[in-house]
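Notes for the one structure printed next.
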Amino acid sequence: MANALIKSNAGRNVGFPFAEALMRSSPLVGLPSDRKQIGPHPFHAVGEKYIRAVVDGAGCQPVLLPSLSPPLDLGALLDELDGLVLTGAHSNIEPHHYSHEAGYEGNPLDPARDANTLSLVPLAIARGLPVLAICRGMQEVNVALGGSLHQKVHEVPGFADHRENPDDPLGVQYAPAHPVQLAAGGWLEGIAGASEAKVNSLHGQGIRELAPGLVVEATAPDGLIEAVRLDRGNPGTPDPFLLAVQWHPEWRVTENPFYLGIFQAFAAACRHRSQKRH
Ligand SMILES: N[C@@H](CCC(=O)NCCCC(=O)O)C(=O)O
């Protein structure tokens, strides 16, 4: 797969060659939308850097999914897809999905997105659909499978502040912010070829109780879980690819071999599913 990349004259991987040619036979990857109010009307939107990473990092065809309330028959939709990317978002999952705790004043919410993504996770797993979950997406996976979150990690004794400074330029906000310790023998250690990696950090919430069936793939220096994968321990029925990370590997994905490796591992799982589907 790596040799499928072409090098720019700067020696950097520039993603898959002839992306247009790949599009015609590429796996279809769904990206659920956020629901955003723009002026007097609600819109459904997906961040462009996630869409670009699906194309340039995974060589797949992006399909933006609506977040209507109530949700569409999402199972029928998933049957036509080869993978699912749950993106990050400034909004937070409504706390009633995982706790009796009250929310907090000014908590940015997106109930329509919650309704769609929290039901998509078990549907995708039941169908063996590969899932790559990023930031809010990782939190959605954990909540959907029965785990819980810290609403404000930086207010929990012993944890660092994992938020970005919104006044910084984007290149600073998404720059590597802290190391993560990669689980020995885990997928990410294999992708990184090392036991540690440096990642960006733009989140105020984080995993509190880990959901059953998820195993830790990476932790921050303060012990916060930073990546998980699905492993229900049934050797007879191996779990589908499900990798969830708290950082943002979509950011300039072709310039960071670790981030690119994450999207390529996801892409391999999507291609396998696509071949089985056709
Ligand atoms: N709101 C959650 C998740 C944070 C997150 O996904 N941030 C990324 C926002 C912008 C982007 O899409 O890159 C939390 O604060 O923990």
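Throughout, read-outs are computed from the coordinates displayed, never taken from laboratory work. Quick caveat, the model's predicted, so the values are computed rather than measured. Neighbour counts run over all protein chains shown; Cβ positions are idealised from the backbone, glycine included.
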For region 76-84, 3J(HN,Hα) per residue [Karplus equation, 6.51 cos²θ - 1.76 cosθ + 1.60, θ = phi - 60°, Hz, x = Gly/Pro]: 4, 5, 5, 5, 9, 10, 10, x, 9
Looking only at Leu182, Leu214, Leu170, which one moves most when the chain is put into a Gaussian network model with springs between Cα atoms under 10 Å? Leu170
Does region 136-192 classify as rounded, prolate or oblate by the C-alpha gyration tensor (a ≥ b ≥ c root eigenvalues; a/c under 1.5 gives rounded; else a/b over b/c gives prolate, otherwise oblate)? oblate
Residue by residue through region 178-184, which ³J(HN,Hα) values in whole Hz follow from phi under the Karplus form 6.51 cos²θ - 1.76 cosθ + 1.60 (θ = phi - 60°), with glycine and proline marked x? 7, x, 10, 8, 8, 4, 4
If you look at just the Cα atoms of the chain, how large are its Rg and its Dmax in Å? 17.9, 55
If we sort 183-190, 141-148, 195-202 on the protection proxy, mean other Cβ atoms within 10 Å, highest first, what's the order? 141-148, 195-202, 183-190
What residues qualify as long-range amide H neighbours of Leu86, i.e. H under 5 Å apart, gap of 5 or more or another chain, H built at 1.01 Å from N? Leu132, Ala133, Ile134
Residues meeting the amide H criterion for His248 (H placed from the backbone, H to H distance under 5 Å, 5 or more places apart or on another chain) are Asn200
5 Å is the cut-off here: which amide hydrogens, built 1.01 Å from N in the peptide plane, fall below it relative to Leu109, excluding neighbours closer than 5 in sequence? Asn92
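Looking at the chain, send over the antiparallel percent of its DSSP beta bridges, to the nearest 5. Numbers along the way, then the final one.
Values: 22 of 37 bridges.
Approximately 60 percent, going by the DSSP bridge assignments.
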So, by mean Cβ neighbours within 10 angstrom, what's the order for 150-162, 107-119 with the highest one leading? 107-119, 150-162
Ranking Ala183, Gly213, His272 by how far each Cα lies towards the positive end of the charge dipole of region 183-278 (+1 on Lys and Arg Cβ, -1 on Asp and Glu Cβ), the top one is His272
Taking the chain as a Gaussian network, Cα atoms linked when under 10 Å apart, which of Gly137, Gly57, Gly204 shows the biggest mean-square fluctuation? Gly204
FRET efficiency for Gln275 and Ile38, Cβ-Cβ distance as r, R0 = 45 Å, nearest 0.05? 0.70
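Find out how many positive minus negative residues lie around Ser274, taking Lys and Arg as positive, Asp and Glu as negative, among other residues whose Cβ is under 12 Å from that of Ser274.
Value of the local net charge: +2.
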Taking +1 at the Cβ of each Lys and Arg and -1 at the Cβ of each Asp and Glu, which of Gly261, Gly223, Gln246 sits farthest along the dipole of region 150-278 towards its positive end, judged by Cα position relative to the Cα centre? Gly261
Kindly write out, for region 122-128 in residue order, the coupling ³J(HN,Hα) from the Karplus curve 6.51 cos²θ - 1.76 cosθ + 1.60 (θ = phi - 60°), rounded to whole Hz, with x marking Gly and Pro. x, 5, 5, 4, 4, 8, x
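Calculate for the chain the 222 nm mean residue ellipticity that helices alone would give, adding -39,500 (n - 2.57) per DSSP H run of length 4 or more and normalising by residue count, nearest 500 deg cm²/dmol.
Working: 8 runs with 72 residues, N = 278.
-7500 deg cm²/dmol, from helical runs alone.
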